[in-house]
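The values are calculated or read from the model by the stated rules, or taken from the named source; none is laboratory data. Since the structure is predicted, the reported quantities are computational estimates derived from the model, not experimental observations. Positions of Cβ are generated from backbone atoms using ideal geometry, with glycine treated the same way; all protein chains shown enter the neighbour counts.
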Amino acid sequence: MVKYIDDRREVHGVESICKVLPIAPSTYYEAKRREEDWRRRPPRVRHEEMLGAEIRRVWDENHQVYGARKVWRQLNREGIAVARCTVERLMRSMGLQGAVRGRTTRTTVPNMNASWPLDLVRREFSSSRPNELWVADFTFVATWAGFVYVAFVIDVFSRMIVGWRVSSSMSAELTLSLETQCCDDP
């Protein structure tokens, strides 16, 4: 609101803008004084600004790899008493995060030039009897040895798995072999 009033105060004046907006002119003027004099800011805001600087310092000193838990522990070791949830909230608001172990797996790589299959059920996933409608899905599971990719077909009526395949690589053959297996069995 303060920025909005600042942008238009030369044309309309502060009081006339505040009359239209649900804000008292004294609130606007107090916000402007707080921008100029940090001592007028509420104690919590000043405390969190100090904590933000300390969090940034600890995060930078540790090569920007510390997450909220390690930053919190380091601050408490240095005698700065702070709750872990406060460190998490402030790090999130400052856009800081620790290093993430492992690599991300992308299971869907769309080909925009390929033809898309028709939605034969029109997103209506209900069935009145077994083997009337089957749906398929594809996912991955992280294991100690790496990722395992799983494709499976579910009967919508009974919600039971009709068929499944597991592979150590993500490929079209995995899903196509599942289609062949399930369509031959009923």
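Out of the residues in region 111-139 that are among the aliphatic types (A, V, I, L, M) and touching a residue at least 12 places away in the same chain (Cβ under 8 Å), state the one that is farthest from residue 152 (Cα to Cα). Write out each step before concluding.
Step one: list which residues in region 111-139 are among the aliphatic types (A, V, I, L, M), which gives 112, 114, 118, 120-121, 133, 135-136.
Restricting the remaining residues to those that are touching a residue at least 12 places away in the same chain (Cβ under 8 Å) gives 121, 133, 135-136.
Values: 121: 18, 133: 14, 135: 8, 136: 6 Å.
Result: 121.
Could you figure out which of (1) closer than 20 Å to residue 175 by Cα; (2) of a type outside the set (A, V, I, L, M, F, W, C); (3) surrounded by 11 or more Cβ atoms within 10 Å (Cβ to Cβ) isn't true of residue 117?
That leaves (3) as the condition not met.
Being polar (S, T, N, Q), surrounded by fewer than 12 Cβ atoms within 10 Å (Cβ to Cβ), in contact (Cβ under 8 Å) with a residue 60 or more places away in the chain and out of contact with any Gly (no Cβ under 6 Å at 6 or more places or on another chain), is that true of even one residue in region 83-100? Break it down stepwise before answering.
First, the residues of region 83-100 that are polar (S, T, N, Q): 86, 93, 97.
Subset that is surrounded by fewer than 12 Cβ atoms within 10 Å (Cβ to Cβ): 93.
If we keep only those that are in contact (Cβ under 8 Å) with a residue 60 or more places away in the chain as well, we get none.
Within region 83-100 (the criterion being polar (S, T, N, Q), surrounded by fewer than 12 Cβ atoms within 10 Å (Cβ to Cβ), in contact (Cβ under 8 Å) with a residue 60 or more places away in the chain and out of contact with any Gly (no Cβ under 6 Å at 6 or more places or on another chain)), the answer is no, since none of the residues qualifies.
Look at residue 104 and say whether it is surrounded by fewer than 11 Cβ atoms within 10 Å (Cβ to Cβ), of a type in the set (S, T, N, Q) and within 25 Å of the chain's Cα centre (by Cα). Give the derivation first.
Values: surrounded by fewer than 11 Cβ atoms within 10 Å (Cβ to Cβ): yes; of a type in the set (S, T, N, Q): yes; within 25 Å of the chain's Cα centre (by Cα): yes.
Criteria met by residue 104.
Kindly provide the set of residues from region 37-49 that are in a helix (DSSP H, G or I), at pLDDT below 90 and of a type in the set (Asp, Glu), ordered by number.
The answer is none; no residue qualifies.
Here's the yes/no breakdown for (1) loosely packed, with under 10 Cβ neighbours inside 10 Å; (2) under 30 Å from residue 6 (Cβ atoms); (3) under 23 Å from the mean Cα position of the chain (by Cα); (4) in contact (Cβ under 8 Å) with a residue 12 or more places away in the chain:
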position: 33; (1), (2), (3), (4): no, yes, no, no
position: 36; (1), (2), (3), (4): yes, yes, no, no
position: 44; (1), (2), (3), (4): yes, yes, no, no
position: 49; (1), (2), (3), (4): no, yes, no, no
position: 61; (1), (2), (3), (4): no, no, no, no
position: 67; (1), (2), (3), (4): no, no, yes, yes
position: 75; (1), (2), (3), (4): no, no, no, yes
position: 80; (1), (2), (3), (4): no, no, no, yes
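Does any residue of region 50-63 turn out to be assigned to a loop (DSSP other than H, G, I, E, B) and not β-branched (Val, Ile, Thr)? If you could, list the steps in order and put the result at the bottom.
In the first step, residues of region 50-63 are kept if they are assigned to a loop (DSSP other than H, G, I, E, B); the result is 62-63.
The next check asks that each one be not β-branched (Val, Ile, Thr); those that pass are 62-63.
Yes, the conditions are met somewhere in region 50-63.
Only one of 17, 5, 23, 55 is touching a Phe, Trp or Tyr at 6+ places or on another chain (Cβ under 6 Å) and either more than 30 Å from residue 169 (Cα to Cα) or assigned by TED's automatic domain parsing to the domain that holds residue 139 (or both); which?
Details: 17 fails: touching a Phe, Trp or Tyr at 6+ places or on another chain (Cβ under 6 Å); 23 fails: touching a Phe, Trp or Tyr at 6+ places or on another chain (Cβ under 6 Å); 55 fails: touching a Phe, Trp or Tyr at 6+ places or on another chain (Cβ under 6 Å).
Residue meeting the stated conditions: 5.
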